[in-house]
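The structure appears right after this line, and notes come after that.
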Amino acid sequence: LAAPECGERWAQHWLDVARHADSSGGGRSMMFPAAYRYRDYVIEAFNNDVPFDQFVREQLAGDQLPAEDAAQRDRQTIATGFLTLGAINYELQDKKLLEMEIVDEQIDVVGRAFLGLSLGCARCHDHKFDPIATEEYYGLAGIFASTHSVVHENVGRPFERPLTDGDEVVRYRKLSERLKELTLRIDELESQQKQTDDDAEKAALSDRLKPLLEEKEKLAAGLPRRPTAMAVVDIAE
C-alpha cells in the first residue's frame, strides 16, 4: 500500500469511469496536452488516501472550494478536469449546441460515476426506468450551463486555467521574463541602428545584437508550454 505503484494500479479504474484520455474523440481527434495532470491528480489522491467525499467534491467543484495555499488551489483546479474530458465534437459550428452537448456529457458522467444511473435519456423525456424527470435533468443542466468549459473558436477546445505554483511555473515565468527582456533590448538596439548613419556605430550595434538574437532564438525554440490545466470556472468569474 505504501508503494506509489498502488495508486497507479487503482487509479486506472477511476480513470476509466472518468473517461480519461489524451484526445477528444467525438469528431476530429483533438489532442489534450494537459490531460495528464488530471491523471496524476487521481493517482496522487489514491496514494494519499484522500477521503472519497473530498475526492468527489474536488472534481465537481474544486474551483469553488477554499484553499490554504497556491499548491492546494492548483490541485483543486486540476481536479475539475473531470468535467472537461469526454468525447465531444469540438468542430460543431453551432456554438450553443456545442455548449449543450458538453453539458449533456457532464450530466451523463456525473450520473454514471457518482449515482450509478444513466441520466442522459431525461434530456428528452422522463426517465423510463429510474425516477429522474426531465425537469430534474434541466435543473442540473442549468448548473453546468453556468460553467465555463469550452473556448469557442472555429474548432473549439476545452477551457484551460493557468497554474500558479510549482517548479514548472517558476521556470516558465523565468524564461518568459528573460524572453521579454531580450525582445525589448533587441528592439532598442535595432532602432538605434536604423537611426545612425555612422558605419562604425552600425557595426558595433550589430556585434551587440548578434548574441542577443541568438539567445532569443534558442530561448524561443525551447520555451515550454505555459503550465495550464484542463479545468472549469463559473462564467461569472
Scanning the stretch 185-237 residue by residue, those among the charged types (D, E, K, R) and touching a residue at least 60 places away in the same chain (Cβ under 8 Å) turn out to be R225, R226, D234, E237
Among L97, L119, L83, the single one that is at pLDDT below 90 and either among the aliphatic types (A, V, I, L, M) or in contact with a strand residue (DSSP E or B) (Cβ under 9 Å, 6 or more places away or on another chain) (or both) is L119
Filtering the stretch 11-44 down to residues that are touching a residue at least 60 places away in the same chain (Cβ under 8 Å), of a type in the set (K, R) and surrounded by 15 or more Cβ atoms within 10 Å (Cβ to Cβ) yields R19, R37
Exactly one of E58, E8 is buried (at least 18 other Cβ atoms within 10 Å of the Cβ) and either outside any helix (DSSP H, G or I) or in contact with a Phe, Trp or Tyr (Cβ under 9 Å, 6 or more places away or on another chain) (or both), and that residue is E58
Answer with yes or no whether I186 is among the hydrophobic types (A, V, I, L, M, F, W, C) and more than 25 Å from D63 (Cβ to Cβ). yes
Residue pairs within 7 Å by beta carbon, gap of at least six or interchain, first lying in the stretch 148-173 and farther than 15 Å from P227 by Cα, second among the basic types (K, R) and open to solvent by 80 Å² or more (accessible area, probe 1.4 Å), listed first then second, are V151/R157; V155/R28
Flagged in the stretch 81-107 as more than 17 Å from the chain's Cα centre (by Cα), buried (at least 16 other Cβ atoms within 10 Å of the Cβ) and in a loop (DSSP other than H, G, I, E, B), in numbering order, are N89, L92
Sole miss for K216 among (1) of a type in the set (K, R); (2) surrounded by 15 or more Cβ atoms within 10 Å (Cβ to Cβ); (3) in contact with a strand residue (DSSP E or B) (Cβ under 9 Å, 6 or more places away or on another chain) is condition (3)
Note to self: Considering only the stretch 154-167, I want to know if a residue exists there that is under 30 Å from F82 (Cβ atoms), of a type in the set (A, V, I, L, M) and either open to solvent by less than 60 Å² (accessible area, probe 1.4 Å) or part of a helix (DSSP H, G or I) (or both).
What the structure shows: yes
Checked S176, S191 against criteria (over 24 Å from K96 (Cβ atoms), outside any loop (DSSP other than H, G, I, E, B), open to solvent by 40 Å² or more (accessible area, probe 1.4 Å) and among the hydroxyl-bearing types (S, T, Y)); the one match is S191
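The values are calculated or read from the model by the stated rules, or taken from the named source; none is laboratory data. What you see is a predicted model; the values in this text were computed from it and never measured. Because the Cβ atoms are built from the backbone with ideal geometry, glycine has one as well, and the counts that use them run over all protein chains shown. Surface areas here come from the heavy atoms of the whole protein model, side chains and all, with no ligands, DNA or RNA. Shrake-Rupley method; radii C 1.70, N 1.55, O 1.52, S 1.80 Å.
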